[in-house]
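Beneath this line is the structure, given in structure tokens, with notes to follow.
The values are calculated or read from the model by the stated rules, or taken from the named source; none is laboratory data. All values derive from a computational prediction rather than experimental measurement. Neighbour counts are summed over all protein chains in view; Cβ atoms, including those assigned to glycine, are modelled from backbone coordinates with ideal geometry.
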């Protein structure tokens, strides 16, 4: 009998599996999900078993599994598979990075389970006075601002994180069970074992800082939603609108205040620019925009490169949030965040559009709700969503490797474009998927989040 394992380390080893023989005294005890001790490159290492087989390997002097340390339960194994497949990682890498700060004590099932979604403005009304609340934020700036906002509303915050230093983080983690209300940076969520007596709040969930670049942009919000799915717990999320890439419901959507929004309509973008220049003649105005085409058209104005800088006017070109009665939640989120950011900065959002739009009507609750249902139907059928993952990659020639998860190619601009479609379930073949990942590493597949 043989065991294929992944080493628990800060390295995926390019999805390579390492095979060990299984001694007779362990053959009835070892299983997929067993954590075992092995001799790896002359060092004792902990590994996770991902496959058991009796293939004739014809390898002499194969090292044996030395002992079984413990075993992942079904929920732990499914959770780790789900996260690994979703982010082009493997289980060994995730165990090391998600649980090393908890002495590798993995999550276990919590009896109570709830998941609610609210507007960012509602957090003070949701915080429970009957139980502990841990609030996670995407940045130190957000932590400080939220502390100030909640304190002004009479909510006592016992602790909030002021720096990202190791000493303060340790202090933060040691205080979460002592106080009722704590505000922590979101990356500390992975260092806390959820309890049934605590409510977990995630503020401003659409902020890009919830993505972890070192982990292939592993999103802490999706990670928490998956923890809720597999282990339970009380989770509350706050945003302008929920990303339907992670959530499958819409709650507490609020139409935005458009008092700081102006719409300039023309038959062409050039017409819109001329109208803009007529209304804003002061060349010292600081402009911010994402669309590169405006660089040349507005080169006589001052511009700022980052939305974190101070600006007077935020320009958007033909923002579209729906198509044929179907919402694009990622585009809606982008628009709402741009409007809200300008409002906080006492700046104007100016929409340059060649389409006859009624923005106020489009952003009303009934329309957004109707279009959202259509987006959810589309995501359920085609992905991407929490359980259906989509990746794209391209090659300058047709790839020779075939797999049931790979669709294509489609030739676009002398490139062959492919799509990876994975529906995650209990029966998902994890080893086949990670083997596919190892063969496609050179193409750097990109995760898709929009429909």
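Miscellaneous remarks
- Residue list for the range 277-301, filter: touching a helix residue (DSSP H, G or I) at 6+ places or on another chain (Cβ under 9 Å) and either more than 24 Å from residue 343 (Cβ to Cβ) or in a helix (DSSP H, G or I) (or both): 293, 294, 297, 300
- Scanning the range 336-345 for residues that are touching a strand residue (DSSP E or B) at 6+ places or on another chain (Cβ under 7 Å) and under 15 Å from residue 253 (Cβ atoms) yields one hit, 339.
- Positions within the range 133-164 being in a strand (DSSP E or B) and at pLDDT below 90, in sequence order: 159
- Options 418, 430; residue that is surrounded by 15 or more Cβ atoms within 10 Å (Cβ to Cβ), within 22 Å of the chain's Cα centre (by Cα), within 22 Å of residue 245 (Cβ to Cβ) and not assigned by TED's automatic domain parsing to the domain that holds residue 82: 430
- For the range 246-261, residues that are in contact with a strand residue (DSSP E or B) (Cβ under 9 Å, 6 or more places away or on another chain) and either exposed (fewer than 14 other Cβ atoms within 10 Å of the Cβ) or in a loop (DSSP other than H, G, I, E, B) (or both) total 10.
- Residue within the range 52-63 that is on the phi < 0 side of the Ramachandran plot and touching a helix residue (DSSP H, G or I) at 6+ places or on another chain (Cβ under 9 Å) present: no
- The number of residues in the range 190-238 that are part of a strand (DSSP E or B) and free of Cβ contacts under 8 Å to residues at least 24 places away in the same chain comes to 1.
- From 252, 219, residue being outside the structural domain of residue 333 (by TED's automatic domain parsing), at pLDDT 95 or above and in contact with a helix residue (DSSP H, G or I) (Cβ under 8 Å, 6 or more places away or on another chain): 219
- Residue within the range 125-137 that is in contact with a strand residue (DSSP E or B) (Cβ under 6 Å, 6 or more places away or on another chain), farther than 19 Å from residue 198 by Cα and in the same structural domain as residue 220 (by TED's automatic domain parsing) present: no
- Test: residue 329 is crowded, with 18+ Cβ neighbours inside 10 Å and modelled with pLDDT of 95 or more: yes
- Note on the range 167-184: residues that are under 24 Å from the mean Cα position of the chain (by Cα) and modelled with pLDDT of 75 or more amount to 4.
- Lone qualifier among 234, 211 - being more than 21 Å from residue 147 (Cβ to Cβ), out of contact with any helix residue (DSSP H, G or I) (no Cβ under 7 Å at 6 or more places or on another chain), modelled with pLDDT of 95 or more and buried (at least 20 other Cβ atoms within 10 Å of the Cβ): 234
- Test: residue in the range 375-390 that is surrounded by 15 or more Cβ atoms within 10 Å (Cβ to Cβ), assigned to a helix (DSSP H, G or I) and touching a helix residue (DSSP H, G or I) at 6+ places or on another chain (Cβ under 8 Å): yes
- Scanning the range 56-88 for residues that are at pLDDT below 95 and either out of contact with any strand residue (DSSP E or B) (no Cβ under 7 Å at 6 or more places or on another chain) or under 20 Å from residue 433 (Cα atoms) (or both) yields 56, 58, 59, 60, 61.
- Scanning the range 75-132 for residues that are assigned to a loop (DSSP other than H, G, I, E, B), touching a helix residue (DSSP H, G or I) at 6+ places or on another chain (Cβ under 9 Å) and within 28 Å of residue 333 (Cβ to Cβ) turns up 87, 88, 89, 127.
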